[in-house]
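One structure is given here, and the rest of the page talks about it.
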Amino acid sequence: MSKVSRRDFLALVGAGSAGVGAGFLIAEADKRPVEQFIPYVVTPEDYAPGVATWYNTVCAQCSAGCGVSVRIREGRAKKIEGNPLHPVSQGRSCALGQSSVHVLYNPDRLQTPMKRTGSKGSGKFEPISWDAAIDQLATQLSQHGADLHLLTGAVRGHLHALLEQFLAVVGATKYVQYEALAPDALNAANRAAFGSDILPYYDVRNADLVVSFGADFLGTWLSPVHYSLGYGHMRRGEGRKRGRLVQIEPRMSLSGANADVWLPARPGSEGLIALALARELLARGRYTGEDRAAWEEALAAHTPDSIAERCGVDAARIGALAEEFATSAHPLAIGGSPESTTTNSGAALLAVNALNYLAGNLGQPGGVLANPPAPIPDGRERRGTHDSARKLLLDAQGKTLIVRGTNPVFSLPVAAGARAALEKVDLLVSISSFMDETTALADLILPEHTFLESWWDDVPEPGVGLPVASIAQPIVAPIYASRSFGDIVLALAARLGGNAAATMPWSDTEGYLKQQWSQIYEQRRDQLEQPTFEAFWREVLKAGVWGESRAEPAAPPVDVEALRAGLAWNAPEFDGSEEQQPFVLHAFATAGFHDGRGANQPWMQELPDPLTSVVYGSWVELNPQTARKLGIEEGDVLEVSSSQGRVTAPAFIYQAIRPDVVAIPIGQGHTQYGRYASGRGANPFELLAPLADATSGALALGATRVALRKTGHRVKIAKTDGVSRTLGRQILGPGGHDTA
Amino acid sequence: MSDIVESWKKYRRPGYYEQYEYHWAMVIDLDRCSGCEACVVACQAENNLPIVSEKRFHERRDIKWIRIERYWEGEYPDAKLRFLPMLCQHCDQAPCEIACPVAATYHNPDGLNTQIYNRCIGTRTCAVYCPYEVRFFNWFTYHWDAPLEQQLNPDVTVREKGVMEKCTFCIQRIRLAKDAAKDDGRRKVRDGEVTPACVQSCPTEAMVFGNRSDPESRVSKMLKDERAYKVLEELNTSPSVVYLERAHG
């Protein structure tokens, strides 16, 4: 027999619903798993060979916070679906979300704590025990606690509260959350207009005309699964007229491909079109407020004719759109994606908010609804921009820095100097599941559970107009000797002893969460059906989500003066000169890679890009006219250079991009991050100038000029598409489509 | 031999399944489909599709039971991109079925075009005959880097070198639903109880799956939509996948 007694075995399997095999020997993961067949005399609860069990948890592949249901067979995760009970995903899921099992079972996961042995960045590490790792960090913190700097990705829920508590107890204050694709400019515009940066609910579902100013809401913007659900209903919901979609952006995104009208406006000119639309609303008497005259005066200059030249769009098209917007029953304007951010985006997004206000959209079906404050902590006060992340890294030189859930070396512009700053940190600790570019520079690596093995709770952002919180539970037993972020913090507190251990007495994150949720239960006890907290907790875990199921739609409180005062348009600024760098770079996010985190998942590498069908690699998108002019054909390897640096990638002739813009997808170009990601493609962050939106400080991803140079090499791009026209076959239906 | 031919003919009569309980069909609304490819990953996860490597993509040996086809219309600035999800059409008069020399692909009583891996000898004739190009041959035995294999779905065979494979309409899910209905004391599966992986994931709810023999099912009603059409209908393959044309906008 093995060293595990039958009783222990059953206890372990029962506790985590783990299966036989590698899963159950958590404490002995460095030994070979025992491979013996042990029949179940008493079958653990929730476990029957051949029968699937489902656990609800939360997806962390982007910041939307979709509830997911995971299908488990024999203790292993098989399939991720949307949680039908969750108001964000409603049983649906995106490509990246479903690929979460490739995070869990990724062959390149970090399995034990490691300590650097070579020089910084040499990539030489040796495994150490958890005790030694926690000791090293705790010793550092007990001597220089106030020197602790913390850089994380988005951390919401009680885990955020736990971090604040920990920082307070060690006397540290420096804590920034950096998400490369956070909608910073949009948040700032909403703060100015609505007094809150809680993202409102954009009711795409009930709109009859959606005008998107560069927001790829079907692909990458805010909460793609939820907006896709809304979009499907908007198009063909039962008993309603087909809604229309107009997309304004320099390069056709997934949403642009689905639009009825696609307007390739110059980068940074979206705000002008919003102003022209607002002007038309007033001209047609749609807005009847007493301050009408003041609005008219503020908008008078923005006629379609006067802006057409600056937008690079035909005046007639702008006029037609303005008319349609002004005469639709439920028009909705959305905007504010990171990739369309230019130096004037703050003002443009304020104009979009004004447009919605003037159209009478606030609080209306098909309009903009207020989201209530989250019922649990949401960490928004620590959200930072690329600049606050950069400052934190600089500030951490010679001190202690913990990085978790974000990869600044990969996703900050090179000018931020993340690599150089990190090399000067005294003790750089990376809490990560993978050896990414930042982790490779670390002095101490603490392997983290993946989100499918961890306890945490979450608030979806944007919410769905209701106060909702989600609970994430481990859906399988941990497969390596990694630990959850919460458990690492608690272990540190315990090791520090004294005040830290006394105020943070929980043995694990589950216990901590349970205690926090018991307070929620106590506060609302009279409104809840469950007689005990245990019953309540079980219900919440089962559903994976908790909150109100009904709320009156509310209008966000609007600061009209601020809105009107902000109606300005400043020409966008670009880094570089038009003569030397004739093209504006459009670095765009893809649904498969998000900010680059999806690149180590083989399903995502093999997922044809929705717009180009390219797999495994980067490409530079060029308008056919541009390509003809420069004599470039598909596969010609181009050197793309900006004032900041240069990358090389093959050309792809893309039908729907402005001739003065070139586009490169974000996500590839890793030098680390495992066998599937490293050494593949190009990272556009290496080209980005550190320009920011003037009002919000959001990184202007669309404000760098680049030059192209043919290297003389040609490669074959791996893609699945062949002929890209229907050639007269009625493949798309009998309705007389283009036969060119 | 004549017995085989006679019984074979019986199953070649279009619509023979009408005497049985189910005739599965799928409707895809192109006005809802956004081309996001959630279905592509859903299928890969559910049906143990291999990870083939970049090299094999170049050799066009990739295997995707469902894919999104892209068609451009017009030129910049009026370029339009149209998406078409393409999967096995489960044709009632399937060209692949008559071509197979060993009857490895046949029509089952549920109206599904099924592939029997153990019977397949790898002539690849069916793939040549298929006008939709939705049949995939395993030129290699693929492997999964450990521990990725732990994700493999135990309800679906992992195929190896030498056999043809294609969309099954997630026959394992149909079986489970039938078993559940039987255990429940019901004779028939209710509408909406079976959802293939692609349909379940679809974030725009563009895909609907159900029993065409049941006039009350959602697919039966959607088949009557004036936008309904079949791809390459002129070939008389009688597909079980019906598309609703995108509105011109």
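The values are calculated or read from the model by the stated rules, or taken from the named source; none is laboratory data. Remember, it's a predicted structure, so these values are computed and weren't measured experimentally. So basically every Cβ, Gly included, is an ideal-geometry build from the backbone, and we count neighbours across all protein chains shown.
Against the list (1) in contact with a strand residue (DSSP E or B) (Cβ under 8 Å, 6 or more places away or on another chain); (2) among the polar types (S, T, N, Q); (3) within 8 Å of chain A (Cβ to nearest Cβ), the condition B:GLN89 fails is (3).
Within region B:192-243, restricting attention to residues that are modelled with pLDDT of 95 or more and of a type in the set (S, T, N, Q), which residue is surrounded by the most Cβ atoms within 10 Å (Cβ to Cβ)? Taking the candidates together, the pick is B:SER201. Within the option set A:THR341, A:THR400, being within 19 Å of the chain's Cα centre (by Cα) and crowded, with 22+ Cβ neighbours inside 10 Å holds for one residue only, A:THR341.
Every residue, every condition in (1) in the same structural domain as A:TRP130 (by TED's automatic domain parsing); (2) crowded, with 23+ Cβ neighbours inside 10 Å; (3) under 29 Å from A:ARG538 (Cβ atoms), yes or no:
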| site | (1), (2), (3) |
| --- | --- |
| A:ASP436 | yes, yes, no |
| A:THR439 | yes, yes, no |
| A:ILE445 | yes, yes, no |
| A:GLU448 | yes, yes, yes |
| A:LEU452 | yes, yes, yes |
| A:ASP458 | yes, yes, yes |
| A:ALA477 | yes, no, yes |
| A:SER482 | yes, yes, yes |
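Checked against (1) without any contact (Cβ under 8 Å) to a residue 40 or more places away in the chain; (2) part of a loop (DSSP other than H, G, I, E, B); (3) facing chain A (nearest Cβ under 7 Å); (4) of a type in the set (A, V, I, L, M, F, W, C), B:CYS36 meets all criteria but (1).
Counted as qualifying within region A:89-174 are the helices (runs of 4 or more DSSP H) with 1 or more residues that are surrounded by fewer than 24 Cβ atoms within 10 Å (Cβ to Cβ), namely A:101-104, A:130-144, A:158-170.
Please count how many residues of region B:125-151 are of a type in the set (A, V, I, L, M, F, W, C) and buried (at least 18 other Cβ atoms within 10 Å of the Cβ). Explain how you work it out, then say what you get.
The first filter runs over region B:125-151 and keeps only residues of a type in the set (A, V, I, L, M, F, W, C), leaving B:126-128, B:130, B:134, B:136-137, B:139-140, B:144, B:146, B:148.
Checking the rest, the ones that are also buried (at least 18 other Cβ atoms within 10 Å of the Cβ) come to B:126, B:130, B:134, B:136-137, B:148.
Selection size over region B:125-151: 6.
Among residues of region B:186-200 that are within 14 Å of chain A (Cβ to nearest Cβ), those with a beta-carbon under 7 Å from a residue that is assigned to a loop (DSSP other than H, G, I, E, B) at least six positions away or on a different chain give the pairs B:PRO196/B:PHE169; B:PRO196/B:CYS170; B:ALA197/B:CYS170. Is it true that A:ARG240 is in contact with a His (Cβ under 9 Å, 6 or more places away or on another chain), part of a loop (DSSP other than H, G, I, E, B) and either within 25 Å of A:ALA154 (Cα to Cα) or not small (Gly, Ala, Ser) (or both)? It is true that A:ARG240 is in contact with a His (Cβ under 9 Å, 6 or more places away or on another chain), part of a loop (DSSP other than H, G, I, E, B) and either within 25 Å of A:ALA154 (Cα to Cα) or not small (Gly, Ala, Ser) (or both).
Quickly run through region B:39-56 and pick out the residues that are within 8 Å of chain A (Cβ to nearest Cβ) and buried (at least 22 other Cβ atoms within 10 Å of the Cβ).
Looking only at region B:39-56, we keep the residues that are within 8 Å of chain A (Cβ to nearest Cβ), and these are B:40-42, B:44-46, B:51-52, B:54.
Matches in region B:39-56: B:VAL40, B:VAL41, B:ALA42, B:GLN44, B:ALA45, B:GLU46.
Tell me whether region B:59-67 contains one or more residues that are touching a residue at least 12 places away in the same chain (Cβ under 8 Å), assigned to a strand (DSSP E or B) and within 10 Å of another protein chain (Cβ to nearest Cβ). Yes; the residues of region B:59-67 include at least one that is touching a residue at least 12 places away in the same chain (Cβ under 8 Å), assigned to a strand (DSSP E or B) and within 10 Å of another protein chain (Cβ to nearest Cβ).
Only a single item in (1) surrounded by fewer than 24 Cβ atoms within 10 Å (Cβ to Cβ); (2) closer than 30 Å to A:GLY398 by Cα is not met by A:GLY237, and it is number (2).
Just to confirm my filter: which helices (runs of 4 or more DSSP H) fall fully inside region A:274-388 and include at least 3 residues that are under 30 Å from A:ALA64 (Cα atoms), modelled with pLDDT of 95 or more and in the same structural domain as A:VAL210 (by TED's automatic domain parsing)?
Details: elements: A:292-299, A:304-311, A:315-327, A:345-358.
Where helices (runs of 4 or more DSSP H) fall fully within region A:274-388 and carry at least 3 residues being under 30 Å from A:ALA64 (Cα atoms), modelled with pLDDT of 95 or more and in the same structural domain as A:VAL210 (by TED's automatic domain parsing), they are A:345-358.
Of the residues contained in region A:66-84, one or more are found to be polar (S, T, N, Q) and either away from every other protein chain (no Cβ under 11 Å) or in a loop (DSSP other than H, G, I, E, B) (or both). Regarding A:GLY230, is this residue touching a residue at least 40 places away in the same chain (Cβ under 8 Å) and surrounded by 24 or more Cβ atoms within 10 Å (Cβ to Cβ)? For A:GLY230, the condition - touching a residue at least 40 places away in the same chain (Cβ under 8 Å) and surrounded by 24 or more Cβ atoms within 10 Å (Cβ to Cβ) - is not met. Taking the conditions exactly as written (within 23 Å of the chain's Cα centre (by Cα) and basic (Lys, Arg)), does A:ARG317 satisfy them or not? For A:ARG317, the condition - within 23 Å of the chain's Cα centre (by Cα) and basic (Lys, Arg) - is not met.
Note on region B:221-249: residues that are more than 12 Å from chain A (Cβ to nearest Cβ) and in contact (Cβ under 8 Å) with a residue 40 or more places away in the chain total 7. The set of residues from region A:195-241 being among the small types (Gly, Ala, Ser) and either closer than 26 Å to A:PRO557 by Cα or within 9 Å of another protein chain (Cβ to nearest Cβ) (or both) comprises A:GLY195, A:SER196, A:ALA207, A:SER212, A:GLY214, A:ALA215, A:GLY219, A:SER223, A:SER228, A:GLY230, A:GLY232.
Consider A:GLN601 carefully, then state whether it is at pLDDT 95 or above and out of contact with any Lys or Arg (no Cβ under 9 Å at 6 or more places or on another chain). If you could, list the steps in order and put the result at the bottom.
Numbers: at pLDDT 95 or above: yes; out of contact with any Lys or Arg (no Cβ under 9 Å at 6 or more places or on another chain): yes.
Yes.
All of A:SER89, A:SER69, A:SER93, A:SER63 fail the test of being polar (S, T, N, Q), closer than 17 Å to B:CYS43 by Cβ and not assigned by TED's automatic domain parsing to the domain that holds A:LEU452, apart from A:SER93.
The condition of being surrounded by fewer than 20 Cβ atoms within 10 Å (Cβ to Cβ) and more than 14 Å from chain B (Cβ to nearest Cβ) holds for only one of A:PRO690, A:PRO684, that being A:PRO690.
For residues that are of a type in the set (Asp, Glu) and touching a residue at least 40 places away in the same chain (Cβ under 8 Å), tally how many sit in region B:68-107. Adding up the residues that qualify gives 2. The criterion of at least 3 residues that are without any contact (Cβ under 8 Å) to a residue 24 or more places away in the chain, more than 28 Å from the chain's Cα centre (by Cα) and away from chain B (no Cβ under 14 Å) is met, among helices (runs of 4 or more DSSP H) falling completely within region A:506-622, by A:509-523, A:533-543.
Looking at B:ARG60, B:ARG67, B:ARG119, just one residue is surrounded by fewer than 17 Cβ atoms within 10 Å (Cβ to Cβ) and within 22 Å of B:ALA45 (Cα to Cα), and that residue is B:ARG60. Put simply, of A:THR720, A:THR726, A:THR704, A:THR695 the only residue that is surrounded by 15 or more Cβ atoms within 10 Å (Cβ to Cβ), under 29 Å from the mean Cα position of the chain (by Cα), within 11 Å of chain B (Cβ to nearest Cβ) and not basic (Lys, Arg) is A:THR720. Close contacts from region B:141-155, counting a first residue that is more than 7 Å from chain A (Cβ to nearest Cβ) and farther than 17 Å from B:ARG173 by Cβ and a second that is β-branched (Val, Ile, Thr) and surrounded by 18 or more Cβ atoms within 10 Å (Cβ to Cβ), with Cβ to Cβ under 9 Å and a gap of 6+ residues or different chains, come to B:TYR142/B:ILE51; B:TYR142/B:VAL52; B:TYR142/B:ILE63; B:HIS143/B:ILE51; B:TRP144/B:ILE51.
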